[in-house]
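Engineer: Structure provided below as structure tokens; questions to follow.
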Amino acid sequence: MKDQYFGDVNDYLKNGLLRCLREAGWRIGVCWMLTPDDDTRSDGGKVRYLSQPRLWRRHDPALFDALSATVGSGSPRNVAIAEEGGWIQGARFFSEVIPDSKPGRTDWFARALAALSSSDLIFFDPDNGLEVPSKPLGSKDSSKYLFWDEARLAWEQGASLLIFQHFARENRDAHIGRLADGLSQMTAGAGVMRFRSSNVLFLLACQSGHQARSESAHALISARWMDRIGIRDGTDSTAMVPLDRSGREAVSSPPAPDAAASQVPEVGLDGRPIRRPDDGAITNAMELTAADLVHQKVICPACEAFVFRMWPEGWDAHAAFRCSGLETLTPTERKREFRRRFGSLFRSR
């Protein structure tokens with residue numbers, strides 16, 4: 001987590017989930033896993049939802065109003081706003097910045113567990129998610145990840161775990177399944193619930209004595225957030241609760257008829273429907289926001305012939321094309337690079 005992300009649309013979902021989990025009976029501990037702000041990046045600005053109360057406020061009116069009064073008013077973005085505002089009743093917080101060094105990280109995590117020892121659910125909020133082989137403990141930017149050994153220590157302390165995860169650049173179902181299986185194995189077979197939005201994932205591993213709370217939280221989240229957050233119950237690998245766009249991606253086996261019939265229409269951040277045929281490529285990119293298109297397969301909105309597969313931060317993005325008229329807000333040099341690498345593919349159509 002970085003302060004620059006505080007109050008963005010993913011943060012709204014995150015705090016909304018935590019409020020549901022608190023209402024279900026958990027004593028929440030929040031380990032922000034803070035890293036320094038990065039002034040070279042512009043990906044902390046996903047706050048357009050705050051100007052669209054008709055589409056977003058209904059999920060959690062009190063939380064939406066609090067975010068509008070702070071982030072929406074232009075106040076400096078800082079996790080202390082949530083801590084001091086009492087948004088999650090009775091929650092405890094650990095907000096020390098994570099060091100990259102291995103000894104420093106070990107000491108930091110010991111302090112985190114001590115600070116949150118009275119909590120029976122600990123939320124870990126890493127920049128990226130669970131560890132990856134390319135960033136071993138102690139390496140540069142390893143602070144952006146939660147390590148399995150750390151999650152195990154928190155679990156052995158008796159807490160249920162909620163973990164924030166960005167999607168990797170691989171098939172989402174495979175990615176989610178791999179992480180959920182790893183978390184289930186680490187917790188000796190605990191059921192792992194997966195809360196999935198268009199852009200991010202939350203994994204919940206419940207201690208054996210917390211199952212009633214898990215069921216209550218499932219009901220609360222389904223009622224308040226069902227068209228924004230899909231839920232997969234870890235006790236049934238095939239049962240799908242309605243998902244958003246990610247649920248439309250190819251899966252290894254078709255959903256059961258009752259689950260397929262109950263799927264919620266897929267919508268973008270502005271509430272506009274996302275249209276994609278059976279092949280999974282979005283066909284109405286011109287009607288959607290840049291954020292809706294990140295990591296997606298998109299058909300050129302003008303010529304409707306060329307299926308554009310994303311490059312690292314999504315096609316959404318980085319240039320204006322003659323055939324589509326798509327404009328973006330990314331830096332000029334990125335636009336030039338995108339045109340140089342890919343523009344001819346569009347102009348030839």
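Engineer: Hey, does region 5-15 have a residue that's part of a loop (DSSP other than H, G, I, E, B), in contact (Cβ under 8 Å) with a residue 12 or more places away in the chain, of a type in the set (A, V, I, L, M) and within 20 Å of N199 (Cα to Cα)?
Structural biologist: No; the residues of region 5-15 include none that is part of a loop (DSSP other than H, G, I, E, B), in contact (Cβ under 8 Å) with a residue 12 or more places away in the chain, of a type in the set (A, V, I, L, M) and within 20 Å of N199 (Cα to Cα).
Engineer: Something else: If a residue must be within 18 Å of A180 (Cα to Cα) and of a type in the set (G, A, S), how many such residues does region 140-163 contain?
Structural biologist: 4
Engineer: Give just the number: which of (1) part of a helix (DSSP H, G or I); (2) within 25 Å of G230 (Cβ to Cβ); (3) charged (D, E, K, R) does K46 not satisfy?
Structural biologist: (1)
Engineer: Can you tell me which residues in region 126-140 are part of a loop (DSSP other than H, G, I, E, B) and either touching a strand residue (DSSP E or B) at 6+ places or on another chain (Cβ under 7 Å) or more than 25 Å from A168 (Cβ to Cβ) (or both)?
Structural biologist: Looking only at region 126-140, we keep the residues that are part of a loop (DSSP other than H, G, I, E, B), and these are 126-128, 131-140.
P126, N128, E131, V132, K135 - these are the residues of region 126-140 that are part of a loop (DSSP other than H, G, I, E, B) and either touching a strand residue (DSSP E or B) at 6+ places or on another chain (Cβ under 7 Å) or more than 25 Å from A168 (Cβ to Cβ) (or both).
Engineer: One residue is enough: does region 219-229 have a residue meeting the conditions of a type in the set (G, A, S), surrounded by 19 or more Cβ atoms within 10 Å (Cβ to Cβ) and farther than 12 Å from K14 by Cα?
Structural biologist: Within region 219-229, none of the residues are of a type in the set (G, A, S), surrounded by 19 or more Cβ atoms within 10 Å (Cβ to Cβ) and farther than 12 Å from K14 by Cα.
Engineer: Same structure, new question: Residue pairs, Cβ under 9 Å, 6 or more apart or interchain, first in region 164-187 and part of a helix (DSSP H, G or I), second acidic (D, E). List them.
Structural biologist: Pairs that qualify, where the first residue is part of a helix (DSSP H, G or I) and the partner is acidic (D, E), are R172/E249; D173/E249; R178/E170.
Engineer: With the structure loaded, tell me whether S143 is assigned to a helix (DSSP H, G or I) and either farther than 21 Å from W26 by Cα or at pLDDT below 95 (or both) or whether it fails that test.
Structural biologist: yes
Engineer: Would you please name the residue that is surrounded by the most Cβ atoms within 10 Å (Cβ to Cβ), looking only at residues in region 99-156 that are hydroxyl-bearing (S, T, Y) and under 27 Å from I88 (Cα atoms)?
Structural biologist: My answer is S119.
Engineer: Sticking with this one: For residues in region 187-196 being of a type outside the set (K, R) and either outside the structural domain of S222 (by TED's automatic domain parsing) or within 12 Å of C206 (Cα to Cα) (or both), which is surrounded by the most Cβ atoms within 10 Å (Cβ to Cβ)? Before you say what the answer is, go through the steps one by one.
Structural biologist: Filtering region 187-196 down to residues of a type outside the set (K, R) leaves 187-193, 195.
Filter once more, keeping what is either outside the structural domain of S222 (by TED's automatic domain parsing) or within 12 Å of C206 (Cα to Cα) (or both): 187-193.
On the way: T187: 20, A188: 8, G189: 10, A190: 23, G191: 17, V192: 25, M193: 22.
Selected residue: V192.
Residues are listed down the side, and each one gets a yes or a no for (1) of a type in the set (V, I, T); (2) over 23 Å from the mean Cα position of the chain (by Cα):
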position: F64; (1), (2): no, no
position: V71; (1), (2): yes, no
position: S75; (1), (2): no, yes
position: I81; (1), (2): yes, no
position: L113; (1), (2): no, yes
position: D127; (1), (2): no, no
position: D141; (1), (2): no, no
position: K144; (1), (2): no, no
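Engineer: Report, by residue number, each residue of region 92-125 that is out of contact with any Phe, Trp or Tyr (no Cβ under 9 Å at 6 or more places or on another chain) and in a loop (DSSP other than H, G, I, E, B).
Structural biologist: D100, S101, S117, S118
Engineer: I would also like to ask the following. What are the residues in region 72-91 that are at pLDDT below 85 and part of a helix (DSSP H, G or I), if any?
Structural biologist: G72, S73, listed by residue number.
The values are calculated or read from the model by the stated rules, or taken from the named source; none is laboratory data. The structure presented is a predicted model; accordingly, all values stated were derived computationally and were not measured. In this analysis, Cβ positions are derived from the backbone assuming ideal geometry, glycine residues included, and neighbour counts consider all displayed protein chains.
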